[in-house]
Amino acid sequence: MNSSTAQSQVDSEYRANQGALMQVPLFAALAPEPRKLLAYLCTRARFRPGEVIFKEGEVEGAAHILLEGTATLTVARGGVEEPVRVMGEGEFIGGLSLLVDMKRLFSLTASSPVTCLILSGEKFRRTGEQVPEIYRDAVQAIARAIGTWEVRLMDALIHQGSQCIKFLGA
């Protein structure tokens with residue numbers, strides 16, 4: 001492969017990274033220039049079926065966008081991995097880990113061949129130190145996402161008659 005072909009592939013991947021970030025509300029809320037910088041900082045990783053993308057309990061400061069394939073989100077209960085749901089192309093997980101390193105609440109395992117776009121929290125935070133509006137815009141987008149999630153959770157708990165509803169807002 002010659003250098004112009006290699007550069008063309010890098011440029012193509014960079015444009016694809018920008019497109020993938022635009023599909024995620026957290027990144028779509030950012031101004032174009034900071035989003036372009038983040039697209040440059042992302043890495044891609046490929047996983048075979050059965051390969052663990054991340055493990056519950058690990059402290060891993062990175063967010064993932066599934067570009068291709070499907071992956072199963074599981075949680076360990078009594079030593080048994082119980083499936084929560086299957087994630088597919090375009091789905092985003094790990095937004096809070098961009099702001100702080102935190103333990104993973106779930107495991108994510110490739111169900112088919114998977115390609116992920118990964119942005120490390122360390123790179124995100126360093127960029128945020130240099131471009132402060134990234135933090136402001138990201139925190140606002142994450143707060144909106146948490147608000148939407150809480151409404152969906154509350155609706156589900158009410159419809160199921162769950163006693164867990166009393167813990168909301170605690």
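The values are calculated or read from the model by the stated rules, or taken from the named source; none is laboratory data. All of these numbers come straight from a predicted model, not from anything done at the bench. So basically every Cβ, Gly included, is an ideal-geometry build from the backbone, and we count neighbours across all protein chains shown. Note: accessible area is taken over every heavy atom of the protein model, side chains too, but ligands, DNA and RNA are not part of it. Shrake-Rupley method; radii C 1.70, N 1.55, O 1.52, S 1.80 Å.
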Relative contact order (%) - the chain, alpha-carbon pairs under 8 angstrom, separation at least six: 26
Quick one: compute a quarter of the convex hull surface over the Cα atoms of segment 48-145 and quote it in nm². 6.4
Once R0 is set to 45 Å, what does the formula 1/(1 + (r/R0)^6) return for the Cβ-Cβ distance between A45 and I158, expressed as a FRET efficiency to the nearest 0.05? 0.70
Sequence-distant residues sharing a close amide H with S111 (under 5 Å, placed H): G50, T70, A71, T72
For segment 27-170, with every protein chain kept in place, what is the accessible area per residue (1.4 Å probe, Å²)? 58
For segment 72-82, in residue order, the Karplus 3J(HN,Hα) values (coefficients 6.51, -1.76, 1.60; θ = phi - 60°; whole Hz; Gly and Pro = x) are 9, 8, 10, 10, 7, 10, x, x, 10, 7, 9
For segment 14-26, just list the computed ³J(HN,Hα) in residue order, Karplus coefficients 6.51, -1.76 and 1.60, θ = phi - 60°, integers in Hz, with x standing in for Gly and Pro. 4, 5, 5, 4, 4, x, 5, 5, 5, 7, 9, x, 4
Per principal axis, largest first, the Cα atoms of segment 14-73 extend in Å by 36, 23, 18
Taking a point 7 angstrom from the Cα of L105 along the C-beta vector, which residues in segment 28-59 have backbone N less than 15 Å away? 56-58
Enumerate the calculated ³J(HN,Hα) couplings along segment 85-102 in order (Karplus 6.51 cos²θ - 1.76 cosθ + 1.60, θ = phi - 60°), each rounded to whole Hz, writing x wherever the residue is Gly or Pro. 5, 9, 9, x, 4, x, 7, 10, 9, x, x, 5, 6, 6, 8, 8, 6, 8
Between 0 and 90°, nearest 10: helix 133-160 axis offset from the chain longest Cα axis: 30
Within the chain: Cβ-based charge dipole about Cα centre, in debye rounded to nearest 20 (Lys, Arg +1; Asp, Glu -1): 100
Just to be sure I understand the curve: with the Debye formula and one point per C-alpha of the chain, what is log10 I(q)/I(0) at q = 0.14 Å⁻¹? -0.83
A145/V86 FRET efficiency (R0 22 Å; Cβ-Cβ; nearest 0.05): 0.65
Tell me which of G95, L153, V114 sits at the most positive position along the dipole axis of the chain, charges placed on C-beta atoms (Lys, Arg +1; Asp, Glu -1). L153
